[in-house]
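The values are calculated or read from the model by the stated rules, or taken from the named source; none is laboratory data. Just so it is clear, the structure is predicted and the values come from calculations on it, not from any experiment. A quick note on method: Cβ atoms are made from the backbone with ideal geometry, for glycine too, and the neighbour counts reach across all protein chains shown.
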Amino acid sequence: MKYYTIDQLSSLNKDQEKLARFAVIGNPVKHSLSPQLHQPALDDLGEDARYLRVEVEEGQVSEAFQKLYDAGIHGINVTVPHKLEALEACDIVDPAAQNMGAVNTIVFDQKGNRTGFNTDGPGFARAIREEFSVDLGDLKVVIIGAGGGAGRAIATQCAIENCPQVILANRTLEKLQPIEEQLSNLIHREDLKGPRDRIEIIALSDPSLERAIESSELIINTTSVGLKATDPSPFPSRWVEPHHLVYDTIYNPARTRLLRESQEQGARVANGLSLLIHQGALSLEYWLNRDVPLEVMREGVKNALRE
Ligand code: ATR
């Protein structure tokens, strides 16, 4: 079964060896890689649990949470387009997720109360440590596409980690103004200049983007530019220099034009596979309260991408 609808949940556990206990909701959801990420880990840990995809219509997220809980599914991941609606449907929202404006992980307590978390931000911090052996909080960063969902979560994490410089770039500048305001309130380290001076916003088309990139140590692409093999780089990759770390949140294709050309410029590069794995691992840690097998999850996703 590729995915369930919420009306099919009552017959979930008929003729099945393992109990349905975890799910991802989205729309469309059939291409979500979450089952291939989580099921091998659940099996490896010896959990009697299946992880399902469930398609949910917009406006029905809260109702879906109740139906999933009633069906015995007490751990939920949320993917597009439901991350904001999920936040609104929670009883408690983790403060970081509140700042990110999105929730991707739901944990239920014994009474069925819902707490929402966002593991994209902390998952990104772990991904950077794994890929480049540095702490995100020590880096001057520029986020290309900070007005999108993933970009905002990563930008918020950079503020939480007290990065010495956070430059937010986006095609549509207006989307960045409320995010800048919110992040300025979050940043509290005041050793250098005023805290506000460490956050800047800039339009992708602004010529001063070149200077912004030059002054950064970590360049992050969170736009969707690169998903198609024929896509260009989201900014001229000749601006990339050997001192740069370049992280593209896209993992399929594995090497976007940005990553290929940045590598040719001598930079160290990484794709979004590590973010996918770490955000998933953090969800599983919330649900199971134990360490989870990262390498099993990585293999699971790699196998799925090869299919
Ligand atoms: P979300 O992540 O919220 O689902 P999205 O529509 O997938 O949003 O877009 C993610 C990011 O990719 C946004 O920052 C978007 O820029 P805008 O805010 O200006 O729409 C960016 N993006 C998408 N297509 C783009 C393009 N052709 N050039 C530059 N940025 C682009």
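For residue 292, indicate whether it is of a type in the set (A, V, I, L, M) and under 19 Å from residue 49 (Cβ atoms). The answer is yes for residue 292. Only residues that are more than 16 Å from the ligand (Cβ to nearest atom) and assigned to a loop (DSSP other than H, G, I, E, B): list them for region 131-147, please. Result: 133, 134, 135, 139. When 106, 128, 73 are checked against the criterion of being touching a residue at least 40 places away in the same chain (Cβ under 8 Å), β-branched (Val, Ile, Thr) and in a strand (DSSP E or B), 106 stands alone in meeting it. For region 76-103, filtered to residues that are assigned to a loop (DSSP other than H, G, I, E, B) and within 15 Å of the chain's Cα centre (by Cα), the residue that is farthest from the ligand (Cβ to nearest atom) is 103.
For region 166-276, the helices (runs of 4 or more DSSP H) that sit wholly inside it and include 1 or more residues that are farther than 21 Å from residue 147 by Cα, within 15 Å of the ligand (Cβ to nearest atom) and out of contact with any helix residue (DSSP H, G or I) (no Cβ under 6 Å at 6 or more places or on another chain) are 257-264. Annotation: residue 32 fulfils all but one of (1) buried (at least 17 other Cβ atoms within 10 Å of the Cβ); (2) outside any loop (DSSP other than H, G, I, E, B); the unmet one is (2).
Apart from one condition, residue 191 fits all of (1) among the acidic types (Asp, Glu); (2) closer than 29 Å to residue 82 by Cβ; (3) modelled with pLDDT under 95; the exception is (2). Here is a list: 70, 44, 135, 91. Which entry is at pLDDT below 95 and out of contact with any Gly (no Cβ under 6 Å at 6 or more places or on another chain)? That would be 70, the only listed residue that is at pLDDT below 95 and out of contact with any Gly (no Cβ under 6 Å at 6 or more places or on another chain).
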